[in-house]
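Engineer: Sharing a structure, written as structure tokens. Questions coming.
The values are calculated or read from the model by the stated rules, or taken from the named source; none is laboratory data. As the structure is a prediction and not an experimental result, all values here were calculated from the model. Glycine gets a Cβ as well: all are built from the backbone with ideal geometry, and neighbour counts include every protein chain shown. Note: areas computed on protein heavy atoms with side chains; ligands, DNA, RNA excluded. Shrake-Rupley method; radii C 1.70, N 1.55, O 1.52, S 1.80 Å.
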Amino acid sequence: MESVRAVLVDIDGVLTVSWRPLPGAVEALREIRGAGLAVLLVTNTTSRTRASIAGTLADAGFPVSAEDILTAPAATAAHLAEHCPGARCALLNSGDIAEDLDGVTVVDAADSGAADSGTVPDVVLVGGAGPEFGYAALDRVFGHLQRGALLVAMHRNLYWRTAEGLRLDSGAFLAGLEQAARVEAEITGKPARAFFEAALARLDVGAGEAVMVGDDVESDVLAAQRAGVTGVLVRTGKFQPEVLRAADGTPDHVIDSFADLPALLRGAARR
């Protein structure tokens, strides 16, 4: 912790819930930036673009811009460009993320009702869950997988926290598609190691020089630790004590909220 130069921060459940700032989060992020630490917000949010997220956070007082955000859709676009150039994709996602899927060719979208011109896609691309995840859409992409399409998912999140409580996410549907089609999804957002490596490369820091702050013990914290990054779990958002007790590992640090992070970093610096 004494060598920390950069802070990776999840957004939903850490800085905000239902896009409303959590107590002390704005002030804590300002303090961290004021201390000269690099900051990158790393999120599996698939309902908004980086620009939209940045605008909402800036309006709430957070000192961020679109360049300070790495989303799962943006990471997915980079992954497809490298590993599946020119692939035709069936997109199953809730929200408009076209801007962050730059260069991705979508030939079948969940809200279109049917594949365009009968085109069989090369890739089934799964984002975040919402009303679009109905039987017809799931059955259609299941058919694509049976015909040989690859399965790429932006994340495996089972649920997320809103002001009304926990909401089901696409990880539950993804598990069913994998079982039914007998395939395994390639994950491009958290907890994929490549996602954290991309974040570190963006900030030009080593894994030992960064901390990751999240509310998901598996996808945020333990995944970051497996990539060599110090993991900090917050007791906000989707945090549940029983999930922490059942986790496959132990976070490096557990704090009550993001508001407590500056004190944690200062204490480590003093030691």
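Engineer: Determine the percent antiparallel among the DSSP beta bridges restricted to the chain, to the nearest 5.
Structural biologist: Values: 6 of 39 bridges.
For the chain, the DSSP antiparallel bridge percentage is about 15.
Engineer: When a/c reaches 1.5 or more, the comparison of a/b and b/c decides; with that in mind, is the range 85-187 rounded, prolate or oblate per its Cα gyration tensor?
Structural biologist: Working: a/c = 1.66, a/b = 1.36, b/c = 1.22.
Prolate is the answer for the range 85-187, as a/c is 1.5 or above and a/b outweighs b/c.
Engineer: To the nearest 10 degrees, how steeply does helix 193-203 sit against the main Cα axis of the chain, on a 0 to 90 scale?
Structural biologist: Its long axis makes an angle of about 50 degrees.
Engineer: In whole angstrom, note down how far apart the Cα centers of the range 119-188 and the range 1-75 are.
Structural biologist: If we compute the Cα centre of each part, the gap is 26 Å.
Engineer: State the percent of C-alpha pairs, over all pairs in the chain, separated by a distance greater than 29 angstrom.
Structural biologist: Values: 11028 of 36585 pairs.
In whole percent, the long-distance tail amounts to 30.
Engineer: Next question, about the same structure. Longest segment of the chain with no GluC sites (Glu not before Pro) in a DSSP loop having at most 13 other Cβ atoms within 10 Å? Provide the component values of the computation, followed by the final result.
Structural biologist: Values: sites that count: Glu2, Glu164, Glu184.
With a cap of 13 other Cβ atoms within 10 Å, the longest stretch comes to 3-163.
Engineer: If you build a Gaussian network model of the chain, linking Cα atoms that sit under 10 Å apart, which residue out of Val217, Val14, Val183 swings the most?
Structural biologist: Val183
Engineer: Taking only protein heavy atoms and a 1.4 Å probe, what accessible area per residue, in Å², does the chain have with all protein chains in place? All intermediate terms of the calculation are to be shown ahead of the outcome.
Structural biologist: Working: 11710 Å² over 271 residues.
Accessible surface, normalised per residue, equals 43 Å².
Engineer: State the answer as a single residue: which of Gly13, Leu41, Ser3 lies farthest towards the positive end of the charge dipole of the range 1-41, with beta carbon charges of +1 for Lys and Arg and -1 for Asp and Glu, about the Cα centre.
Structural biologist: It is Leu41, whose Cα lies furthest towards the positive end.
Engineer: Rounded to the nearest 20 Debye, what is the dipole magnitude of the range 171-271 about its Cα centre when Lys and Arg each give +1 and Asp and Glu each give -1 at the C-beta? Provide the component values of the computation, followed by the final result.
Structural biologist: On the way: 11 positive and 15 negative charges, 58 e Å.
Using only the charged Cβ atoms, the result is roughly 280 debye.
Engineer: With all protein chains present, how much of the accessible area of the chain (probe radius 1.4 Å) comes from carbon and sulfur, to the nearest whole percent? Could you put the intermediate results ahead of the total?
Structural biologist: Details: 5720 of 11710 Å².
That share works out to 49 percent.
Engineer: Ok, one more. Can you give the % of DSSP beta bridges in the range 92-241 that are antiparallel, to the nearest 5? If you can, show how the numbers build up before the last one.
Structural biologist: Values: 4 of 15 bridges.
The antiparallel fraction comes to roughly 25 percent.
Engineer: On a 0 to 90 degree scale, rounded to 10, what angle separates helix 135-146 from the longest Cα axis of the chain?
Structural biologist: In the chain, helix 135-146 runs at an angle near 80 degrees to the longest axis.
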